[in-house]
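Before any comments, here is the structure.
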Amino acid sequence: MSAPPSTQGEPITDRRQLVAYLESGNKPAEAWRIGTEHEKFAYRVSDLRPLPYEGPDGIGELLSRMQRFGWEPVREGGNIIALTQADGANITLEPGGQVELSGAAVQTLHQTCAEVQSHLRQVKEVGGELGIAMVGLGFQPKWRREDIPWMPKGRYRIMRDYMPKRGNLGIDMMTRTCTVQVNLDFASEADMVKKFRVSLALQPIATALFANSPFTEGKPNGFQSFRSHIWTDTDPDRTGDLPFVFEDGFSFDRYVDYLLDVPMYFVYRDGQYIDASGQSFRDFMAGKLPALPGETPLITDWADHLTTSFPEVRLKKYLEMRGADGGPWRRLCALPALWTGLLYDGDALDAAWDLVKNWTTEERAGLRRDVPRLGLRTPFRTETVREVSLRVLEIAHGGLVRRKRNDNWGDDESHFLDTLRTIAESGQTPADELLAKYHGVWGGSVDPVFGEYAY
């Protein structure tokens, strides 16, 4: 989740400014970057409990000690709620204390993987001092909703009160899920449209390859990616696979229409989050927002509003890939490799579009519905998602080879896909691996996951 904005921004006087904000993301290919974000569960090693914010081994102390590595604190109400660095990287908190690295925008996968490794070394060093550790999974495997402490961020209080009005699993989404995602650029509106369509159609393939959340409160939950399923019962106004993206005429302007129909959560003013949940940004632009009567929005309000829609792929000034469960460090590098290979090479993008362009609305919806439960075994046409994933990985591999971004040893970026290729070839998802251990050597307990899979 984003930290509070540091500036107010220009007033919005015309709808065209909303479109122009998205259009300002257009960049020539040489300026395209890769931004990787990943969340992880922090817990006390002695009893495996999630961390509160307060206390000598709490999240607040963790963030305070992380400043030794050059991170600058961001405060809200006197509490450190985020950390920033000059290169644009941020460490932020999810509602239930999940720790997120929002990485800097870098040129190569070698750089983003080095960034991930550096961050994990830092949190491991500080965690060792505090008796805490972190693990990457899609869903909290052991603890109940009521066991999860809430972080002291104003926007989360508003969302916590509003979520249950729109779905049954929104609180679980906020407090008990972790993801890894990558943010990628586009050159033009046409390029954005093509990349949006390809990535949205293929998001269930990523969900299957990264499926890593088969446990709820210590027991198998019947899903490969329970995290992905949770989004289907969170808030229908702001989630889903956006069928309109595949309609003729899709554009920045059409996405603005969608966002204007997404109800608001809040407005940030003078260091405070003002509850505007369920209210209309269209009314805000007309000076008729009940939460701030007579006021009209600033461009920072629009930037905030963009963060409150949660589709499988989200458009800001870049495209966010949102379909993957959190996992171990190898898969934190593999997720950006998958999408960079597919979207940042013209031949790969064309091949990926050829693969998905005749998938029907019903077929895409079926994948979104069934993959969270069935993973790679999900039937699709005359085959399964496993076979589709192998073709997708081959396309991505070719895209990374053709990028020719080599490291100091002469290796290109394609080896970051190796862990996904192993998953696809075996047909066994990360969730399958966890379930086999649960029913085998773990003796029906999820506790060992906190030791074996800790960073």
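The values are calculated or read from the model by the stated rules, or taken from the named source; none is laboratory data. Since the structure is predicted, the reported quantities are computational estimates derived from the model, not experimental observations. FYI the Cβ positions are ideal-geometry reconstructions off the backbone, even for glycines, and counts take in every protein chain you see.
Given the criteria farther than 28 Å from LEU260 by Cβ and touching a Phe, Trp or Tyr at 6+ places or on another chain (Cβ under 6 Å), does ILE81 qualify?
Numbers: farther than 28 Å from LEU260 by Cβ: yes; touching a Phe, Trp or Tyr at 6+ places or on another chain (Cβ under 6 Å): no.
No; evaluated as a whole, the condition is false for this residue.
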Across the range 114-133, what is the total count of residues that are aliphatic (A, V, I, L, M) and under 16 Å from GLY60 (Cβ atoms)?
4
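Sort through ASP248, ASP235 and tell me the only one that's farther than 30 Å from TRP150 by Cα and not in a helix (DSSP H, G or I).
When all the criteria are applied, what remains is ASP248.
Here is a check on your reading of the model: is LEU289 surrounded by 15 or more Cβ atoms within 10 Å (Cβ to Cβ) and more than 14 Å from THR307 (Cα to Cα)? Lay out the reasoning, then the answer.
Details: surrounded by 15 or more Cβ atoms within 10 Å (Cβ to Cβ): yes; more than 14 Å from THR307 (Cα to Cα): yes.
Answer is yes for this residue.
Return yes when TRP329 is modelled with pLDDT under 95, surrounded by 15 or more Cβ atoms within 10 Å (Cβ to Cβ) and under 30 Å from HIS110 (Cβ atoms) and no when it is not.
Spelling it out, TRP329 is indeed modelled with pLDDT under 95, surrounded by 15 or more Cβ atoms within 10 Å (Cβ to Cβ) and under 30 Å from HIS110 (Cβ atoms).
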Restricting to the range 53-76, and then to whatever is in contact (Cβ under 8 Å) with a residue 60 or more places away in the chain and part of a loop (DSSP other than H, G, I, E, B), can you tell me which residue is surrounded by the most Cβ atoms within 10 Å (Cβ to Cβ)?
TYR53
Top-ranked residue of the range 210-228 - restricted to ones that are of a type outside the set (Gly, Ala, Ser) and buried (at least 22 other Cβ atoms within 10 Å of the Cβ), ranked as nearest to ASP172 (Cα to Cα):
ARG227
Can you find even one residue in the range 78-91 that is farther than 21 Å from MET321 by Cβ, among the charged types (D, E, K, R), over 23 Å from the mean Cα position of the chain (by Cα) and surrounded by fewer than 18 Cβ atoms within 10 Å (Cβ to Cβ)?
no
Select, from THR361, THR419, THR429, THR378, the only residue that is among the hydroxyl-bearing types (Ser, Thr, Tyr), buried (at least 17 other Cβ atoms within 10 Å of the Cβ) and over 24 Å from VAL116 (Cβ atoms).
THR378
Here are some conditions: (1) assigned to a loop (DSSP other than H, G, I, E, B); (2) in contact (Cβ under 8 Å) with a residue 60 or more places away in the chain. ALA86 meets all but one. Which one does it not meet?
(2)
Answer yes or no as to whether SER280 is surrounded by 15 or more Cβ atoms within 10 Å (Cβ to Cβ), under 18 Å from LEU259 (Cα atoms), within 14 Å of the chain's Cα centre (by Cα) and of a type in the set (Gly, Ala, Ser).
no
Go through the range 306-353 and report how many residues are of a type in the set (Asp, Glu) and without any contact (Cβ under 8 Å) to a residue 60 or more places away in the chain.
3
Select from the range 357-381 the residues that are in contact with a Pro (Cβ under 6 Å, 6 or more places away or on another chain) and either at positive phi or not β-branched (Val, Ile, Thr) (or both) and list them in ascending order.
LEU367, ARG368
Cβ-Cβ below 8 Å, separation at least six or inter-chain, first residue in the range 415-442 and within 26 Å of GLU383 (Cβ to Cβ) and in contact (Cβ under 8 Å) with a residue 24 or more places away in the chain, second outside any helix (DSSP H, G or I) and small (Gly, Ala, Ser): which pairs?
THR429/ALA211; PRO430/ALA211; PRO430/GLY327; ALA431/ALA211; ALA431/SER213; ALA431/SER225
